[in-house]
Amino acid sequence: MENIKKYSITALSVLLALMWLIPLVWLVGTALTKASFNMSFLPTTPFSTENLEYVWNTIPFGRYYLNTITLVVVTFIVQFFTSTLAGYALAMYRFKGQALVIVIIFMQIIIPNDVLIIPNFMTLSELGLIDTKLGIMLPFLGSAMAIFLLRQSFKTIPRALAEAANIDGATLWQTIWQVYVPCAKMAYMSFAVISVSYHWNNYLWPLIVTNSVENRTLTVGLAYFAKSKEANMQWANVCAATLIIIAPLLLAFFILQKQFMNSFVSAGIKE
Amino acid sequence: MKSNQSLTRRKDPAWIVWALLAPSLIIMLVFTVYPVFRSIAFSFTKYRLGMDAPEFIWLDNYQRLLKSGTFNKVMVNTVVYALLTVLPSMIIGLGLALLVNRPGKQVGFIRTSYFYPSVMPMIAIASVWMFIYMAQNGLFDQVMIALGFGAQNVLSNRNTVLPAMALMYVWREAGYLMVFYLSGLQAINAEVLEAATIDGATGAKCFRHITLPLLAPTSLFVSTIAFTNSFKLADHVIIMTEGAPNNASTLLLYYIYQQGFTNLNYGLSNALTVIMLVLLLIFSLPRFFSQDRKIHYS
């Protein structure tokens, strides 16, 4: 009886997993085989890199890759500094105005950036930052998610450690970067995973801010292609283009799946 | 909390704390706090392409919206879409979590299959599902034809376009919500369930009277995430339908985008932004009262 129950749970979960994989299997199969006139779940035409080559030569993917990687890396590095400092301040001090700071941070958590596209676009154009990479990054350089994550982690570090460093003559700056940051590796990993996946996948804001190939991201480039005349009904090409933009993150996820899922839980939000 | 009063103990001057907070705070003030007030202010103005300066019109934008058939349609769509996505993805997410809440190597693979859509951009998902839903030739219609229902062409039909998009979104969101339920399940003390089993409670009874109530804080938290996520969606509308047919798939954020960047009507799109903010605030309220908040934030 126990065994039957166990096997049926396993069977059901495997069946559902296969259902969940249908779009991915179709996407990969279609991208990597010769284009066919009829759509089929499993490929009926031979393996071919034709579609990948076609889209790689039609769309300036090299440029888009460079743009997205630049944005993701620079955003993370800046967030790393700003959030470490703010997280440390909120973990270690009690001060006048603290409640207000918490309210402001909470505001960013409940109001997703995408919702504020209109007023933020107005601000950005007044700053003269339309169609710049800095413009895409700017609203994200202070991250409530990262601050909360790091504050929580810093709080668990025994205070004696900071006091010992203080007695040994370490400055505040040294205490933060040489004592606290190394102790919070797990929190930084989570924050990196969330930040990188959010900015790799972000679409609406970069779409609005950019209007040149020089600054367009992978997601914006894919959307332009998927809606263009060249792509019309050419699902093999759209699948190939999609595969090119999702591959790095998806591969990282399949390798580090546990780390990814834990990060999403501990962040509790997608920024 | 007393141990936190190190401001005096460390003898750091008070300005230090503000210096540490400043870089993050400035960004948040400029791009989160200021735009909220800015939207409210501009929502009382007529301001569109070709005008030099906004013109104060008090509540006219809101009155116009309330009388507009399109706006009412958009609000109904937004709420219907939330209802079609939030509860189903929560229930399926919990179901998936129960199925994979056990150790083992193959379980890791199964969890991965449920979760992977969450690391794909919405725009990529929409590009793929657009073809799955394509008339006649699409995978979905092929199945429908094989089952004898005939081609549905779901994205062109005003009655099916929202449910079709909702199905796609539930597929993406359920795996994401699953991981929250997994961590909720793992926090439940195994001894409690064991004691209940010894007392003769069956699996179903255990689930209804012990597991489900203990998961209530998780569910509350998850529901706020799910509502927020559902309201902030526009990417897939841009790719799949652009609101067609006849605004049957226009959601609030897409409408904001359209009014702001296609019609260049800043007054109206800011009024819409304010309505969106009110909606988000209402559905985030449980976060402030939730016991579980401590687990996630503090």
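The values are calculated or read from the model by the stated rules, or taken from the named source; none is laboratory data. Everything numeric in this text was worked out from a predicted model, so none of it was measured. Note: ideal-geometry Cβ built from the backbone for every residue, glycine included; neighbour counts use all protein chains shown.
Selection of the range B:120-155 for residues being over 12 Å from B:MET168 (Cβ atoms) and either of a type in the set (S, T, N, Q) or touching a strand residue (DSSP E or B) at 6+ places or on another chain (Cβ under 8 Å) (or both) yields B:GLN136, B:ASN137, B:GLN142, B:GLN152, B:ASN153. Scanning the range B:153-172 for residues that are over 25 Å from B:PRO117 (Cα atoms) and polar (S, T, N, Q) returns B:ASN157, B:ASN159.
Note on the range A:244-257: among residues that are out of contact with any Lys or Arg (no Cβ under 9 Å at 6 or more places or on another chain) and at the interface with chain B (Cβ under 9 Å from one of its Cβ atoms), the one that is nearest to A:TYR65 (Cα to Cα) is A:ILE245. I'd like to check something: does the range B:80-92 contain any residue that is more than 30 Å from A:ILE9 (Cβ to Cβ), touching a Ser or Thr at 6+ places or on another chain (Cβ under 9 Å), more than 11 Å from chain A (Cβ to nearest Cβ) and at pLDDT 95 or above? Yes, the conditions are met somewhere in the range B:80-92. The range A:181-266 holds helices (runs of 4 or more DSSP H) entirely within its bounds, and those carrying 3 or more residues that are more than 30 Å from A:SER153 (Cα to Cα) and free of Cβ contacts under 8 Å to residues at least 40 places away in the same chain map to A:218-227, A:235-255.
For the range A:145-168, a residue qualifies if it is touching a Ser or Thr at 6+ places or on another chain (Cβ under 8 Å) and either over 18 Å from A:VAL193 (Cα atoms) or surrounded by fewer than 22 Cβ atoms within 10 Å (Cβ to Cβ) (or both), and the qualifying residues are A:GLN152, A:ARG159, A:ALA162, A:ALA165, A:ASN166. For the range A:91-118, name all the residues that are small (Gly, Ala, Ser) and either surrounded by fewer than 18 Cβ atoms within 10 Å (Cβ to Cβ) or not assigned by TED's automatic domain parsing to the domain that holds A:PRO139 (or both). Hits for the range A:91-118 are A:GLY97, A:ALA99.
Could you tell me whether B:ALA234 is within 12 Å of chain A (Cβ to nearest Cβ), small (Gly, Ala, Ser), surrounded by 20 or more Cβ atoms within 10 Å (Cβ to Cβ) and in contact (Cβ under 8 Å) with a residue 60 or more places away in the chain? No, not satisfied. A:GLY142 satisfies every condition listed in (1) at pLDDT 95 or above; (2) assigned to a helix (DSSP H, G or I) except (2). Once the range A:130-162 is narrowed to residues that are more than 8 Å from chain B (Cβ to nearest Cβ) and free of Cβ contacts under 8 Å to residues at least 24 places away in the same chain, the residue that is nearest to A:ASN67 (Cα to Cα) is A:LEU134.
Given (1) more than 10 Å from every other protein chain (Cβ to nearest Cβ); (2) within 15 Å of the chain's Cα centre (by Cα); (3) of a type in the set (Lys, Arg), identify the lone condition not met by B:ARG172. Unmet condition: (1). Checking each residue in the range A:83-107 for being within 7 Å of chain B (Cβ to nearest Cβ) and either in contact with a strand residue (DSSP E or B) (Cβ under 8 Å, 6 or more places away or on another chain) or not β-branched (Val, Ile, Thr) (or both) picks out A:SER83, A:LEU85, A:ALA86, A:TYR88, A:ALA89, A:MET92, A:TYR93, A:ARG94, A:PHE95, A:MET107.
Consider the range A:39-73 and keep the residues that are under 26 Å from the mean Cα position of the chain (by Cα) and without any contact (Cβ under 8 Å) to a residue 40 or more places away in the chain. The one that is farthest from A:THR242 (Cα to Cα) is A:VAL73. Taking the condition surrounded by 13 or more Cβ atoms within 10 Å (Cβ to Cβ), closer than 28 Å to A:PRO139 by Cα, out of contact with any His (no Cβ under 6 Å at 6 or more places or on another chain) and not acidic (Asp, Glu), does B:THR32 pass? Criteria met by B:THR32. The set of residues in the range A:69-82 that are at the interface with chain B (Cβ under 8 Å from one of its Cβ atoms) and crowded, with 17+ Cβ neighbours inside 10 Å contains only A:THR82.
So which of B:ALA196, B:ALA201 ends up being more than 10 Å from every other protein chain (Cβ to nearest Cβ), assigned to a helix (DSSP H, G or I), at pLDDT below 95 and surrounded by 15 or more Cβ atoms within 10 Å (Cβ to Cβ)? Outline the logic, then answer.
Details: B:ALA201 fails: assigned to a helix (DSSP H, G or I).
Only one candidate passes the filter, namely B:ALA196.
In the range B:221-255, the qualifying residues are those that are assigned to a loop (DSSP other than H, G, I, E, B) and charged (D, E, K, R), and the one that is farthest from B:ASN270 (Cα to Cα) is B:GLU242. Can B:ALA216 be described as among the small types (Gly, Ala, Ser) and touching a Leu at 6+ places or on another chain (Cβ under 8 Å)? Here the answer is no, as B:ALA216 does not meet what is asked.
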